[in-house]
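A short write-up of the structure that comes next.
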Amino acid sequence: MLRRIGYKAKIYSYRNTKKYEVYVYSKKLASILIEKYKLKYGKKSKDIEMPLDLDALELLYYIKGLYDGDSSIYLAKVRIKRKNKIYKYLLPRITYKTQSIKLYNQLLSILKEMKLTPYGYYDKYSNTYCINLDGIKNILLFNQLIGYLHPCKRRRLKHIIEKINHIRISHLYYLSSGPRRRRSA
């Protein structure tokens, strides 16, 4: 892609990992990334903030990039105690982590504007601000509005959605299978 627009790039991959590094030697590209997209170089993790002058499509791809790089998607094991009984179930969850409080607050408000229901908190053990998108509705809406560009995360999201749909269908089948018989004591 970079070669098409006139930049020479070197790509390095690490053995037995999914990590790649792309090196581009261009002052012009660096100034575009720094000025327009507010990317920083060097130690930057606590100073990152979202650029304010992005149009809707650029903002969407900026958020996709954040989630592609620094999020995880999984089924969380949740335990809830009600009436002296402990219920265990799997909760689909997408977690985004950052050390920048500015980026955390900006992303949290944008996700709320997109009608998602994020849950944010500070994790003192990892010294990061976390944003969780929990539940079926959030996962499906995230997939519809944002989604992933990274192929591994896209496959994982698709797998979790298929698993959710299978559980919902089997649950609906169970509910619609007619009246349940009572056990005789």
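Structure above, values below:
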item: Check on Y122, in the same structural domain as L60 (by TED's automatic domain parsing) and closer than 17 Å to L60 by Cα; result: no
item: Among residues of the range 139-168, those that are part of a loop (DSSP other than H, G, I, E, B) and modelled with pLDDT of 90 or more, counted; result: 3
item: Among (1) closer than 25 Å to L52 by Cα; (2) part of a loop (DSSP other than H, G, I, E, B), the one test that S126 misses; result: (1)
item: Enumeration of residues in the range 121-139 that are under 28 Å from K163 (Cα atoms) and crowded, with 16+ Cβ neighbours inside 10 Å; result: C130, I131, N132, L133, D134, N138, I139
item: Residues within the range 45-65 that are more than 15 Å from L145 (Cβ to Cβ) and of a type in the set (A, V, I, L, M, F, W, C), tallied; result: 4
item: Search result, residues across the range 124-153 that are in contact (Cβ under 8 Å) with a residue 40 or more places away in the chain and polar (S, T, N, Q); result: N138
item: Near pairs, Cβ below 7 angstrom, 6+ apart or cross-chain, from the range 108-123 (modelled with pLDDT of 95 or more) to any residue that is in a loop (DSSP other than H, G, I, E, B) and surrounded by 12 or more Cβ atoms within 10 Å (Cβ to Cβ); result: L108/P118; L111/P118; K112/P118
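The values are calculated or read from the model by the stated rules, or taken from the named source; none is laboratory data. Since we're looking at a predicted model, the values are computed, not measured. With ideal geometry, Cβ positions are generated from the backbone for all residues, glycine too; neighbour counts draw on all protein chains shown.
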